[in-house]
Structure formats: structure tokens, C-alpha cells
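> I have a structure I would like to understand better, so I am pasting it below and will then ask my questions one at a time.
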Amino acid sequence: MFEISFIPAFKDNYIWLLTRGKRAFVVDPGDAAPVIDRLVADDLRLEGILVTHHHADHQGGIAALAARWHPVVYAPGNESITGCTHPLSGGESIDVLGQAVDVIAVSGHTRSHLAYVAPGLVFCGDTLFGAGCGRLFEGTPAQMTASLDRLAALPDETRVYCAHEYTAMNLPFALAVEPDNAAIRERMAKVSALRAAGLPTVPLHLGEEKATNPFLRCTEPAVVAAGLQHAAVNREKVEIFAAIRRWRNDF
Ligand code: ZN
Ligand code: FE
């Protein structure tokens, strides 16, 4: 298995760096400069790039990296991605530094968003965040709910490598949805301590997300009640999700 570390980019992006010896892949290189600095400093050879979706903060660095290292570029085939060499749609298995990685379709944030799954971990881009989920820019609530279900079906011990440090920002909303959820308060204290120490809250722990992330809890009575108070027209999971997601946009 490869080793994983992160390269910070922009205000709150994580570009995940996968290495095996001197061989490297990166996930969602929105900016080339910090990636080049790291690859050069560590004398790494960039063999591949995994892209989750087309937004600029996830693919803006591909051209400069490709010009220098000529990596394979795995990306959603239905989205406009610079330099894509291997278009994917979900359901494939790809080789990443000798490790088989499963590609799953998680549309919602964008229409063909992908996640990359290896034993015990997932790179999910802007689909699932700490205590939150991506905005619905192109997909429907039904698509996003199905995508989150697909991620939630992974084992609880799964480490979730999302693309933004949003956990501290999202937790007050999670608490507004479920004021009586003690696990959210505990997590707030833990996350505050991590952030005060300058440490990331990612990778997330999937089991902890299931206990504290309102978007994975749309059948919990408290979340259903909150959804109904925020314009859900019935208690169907997709309707509750849609209501909570709309509420989050204005929170
Ligand atoms: Zn995005
Ligand atoms: Fe993003």
C-alpha cells in the first residue's frame, strides 16, 4: 500500500500525495506550485493523478504537472478535465502504485463526480466533508443521497480523505440540526483542539461521520424532525436531505 500525506493548497484544500518509495500520485491537484515544490524537495517522480471532479480547485494544476512528469491522469470522462488520459465513469478498478483502487460514481456535487476506494480508505473529493457534504452544483438531492449511501456503506473504520478542511465550520450547523446529539458536542471539542494546534481534522473516520454528520443521518428521528421544520414536505430520506441541504446553504 502507498503512504499518504497532504499538500496544503489555497485557503483550505488538501491535495493528497500518495507515495511508494520515490513513485508518487496526487489527488485533485488544484494548484501546481505547492505540488512541484514538494515533489522536487522529496525527489519524487509523479506517475499519476486522480481527479474527483472538474472544479478548478481540483484540476487547476494538472497542465503544469503533466508538462513536467507526463503522469497518467484518471478523471471523470463526462466532465471537462485538462489532460485526462484515462476517462472513468465508476465501476472500474485501477492500479495506483501497485495497489488496486476501485472507482465509484458519487454524483451530486457535480454530475460525474468520482471517489477512489482502497482498503480502509476513500478519496471522496467534495462529496462528503467533516460534519457536512458538498453543495449540489450540478446534481439532485436523490443523486447526492445515493452517493452518500454508497460512501456510508464502506466499513466504519474507513478513513475518509476529503478535499477541504471544513469540519470546524460545519459542526455548528450539525449541532443546530441535532442540539441533543452529545457526539457532536464531543467532536466540537476535539476538532477545536486539533485546529488550535494547527492539525488537520482529515482524514475523517467514517463511523464518527455516521454519528455526527446530519447528511448521513437523514433517517434519524431528530434529523427528520429538523427537516420537517425546514420545509421538507414529507419524511422521505431524500426530501429530508434536500431540506437540510437547503437550510445549510442559508445557515
Ligand atoms: Zn468542488
Ligand atoms: Fe473543492
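> Would you tally the residues in segment 113-158 being assigned to a loop (DSSP other than H, G, I, E, B), open to solvent by less than 20 Å² (accessible area, probe 1.4 Å) and within 16 Å of ligand 1 (Cβ to nearest atom)?
Summing the residues that are assigned to a loop (DSSP other than H, G, I, E, B), open to solvent by less than 20 Å² (accessible area, probe 1.4 Å) and within 16 Å of ligand 1 (Cβ to nearest atom) in segment 113-158 gives 6.
> If we keep just the residues of segment 99-130 that are free of Cβ contacts under 8 Å to residues at least 40 places away in the same chain and charged (D, E, K, R), which is nearest to ligand 2 (Cβ to nearest atom)?
ARG111
> Here's something else I'd like to know. Suppose we filter GLY98, GLY77 for residues that are at positive phi and either within 19 Å of the chain's Cα centre (by Cα) or small (Gly, Ala, Ser) (or both); which single one remains?
Exactly one of GLY98, GLY77 is at positive phi and either within 19 Å of the chain's Cα centre (by Cα) or small (Gly, Ala, Ser) (or both), namely GLY98.
> Moving on. Mind counting the residues in segment 207-222 that are open to solvent by 50 Å² or more (accessible area, probe 1.4 Å) and under 16 Å from the mean Cα position of the chain (by Cα)?
Adding up the residues that qualify gives 1.
> Right, here's the next one. Quick check: is even one residue across segment 89-98 more than 16 Å from ligand 2 (Cβ to nearest atom), of a type in the set (D, E, K, R) and open to solvent by 30 Å² or more (accessible area, probe 1.4 Å)?
Yes: one or more hits.
> If you don't mind, there's one more thing I want to ask. Could you please let me know if ALA56 is without any contact (Cβ under 8 Å) to a residue 40 or more places away in the chain and open to solvent by less than 60 Å² (accessible area, probe 1.4 Å)?
It is false that ALA56 is without any contact (Cβ under 8 Å) to a residue 40 or more places away in the chain and open to solvent by less than 60 Å² (accessible area, probe 1.4 Å).
> In addition: Kindly indicate the residue of segment 223-251 that is among the aliphatic types (A, V, I, L, M) and either more than 10 Å from VAL177 (Cα to Cα) or not in a helix (DSSP H, G or I) (or both) and also most open to solvent (accessible area, probe 1.4 Å) among those meeting that condition.
Result: VAL233.
> For SER80, all conditions in the list (1) surrounded by fewer than 18 Cβ atoms within 10 Å (Cβ to Cβ); (2) among the hydroxyl-bearing types (Ser, Thr, Tyr); (3) away from ligand 1 (no atom under 16 Å from the Cβ) hold save one; what is the number of the exception?
Here SER80 meets the rest and fails (3).
The values are calculated or read from the model by the stated rules, or taken from the named source; none is laboratory data. Values in this document were obtained by computation on a predicted structure and should not be read as measured data. Neighbour counts run over all protein chains shown; Cβ positions are idealised from the backbone, glycine included. Heads up: the accessible areas ignore ligands, DNA and RNA and are worked out on the full protein's heavy atoms, side chains in. Shrake-Rupley method; radii C 1.70, N 1.55, O 1.52, S 1.80 Å.
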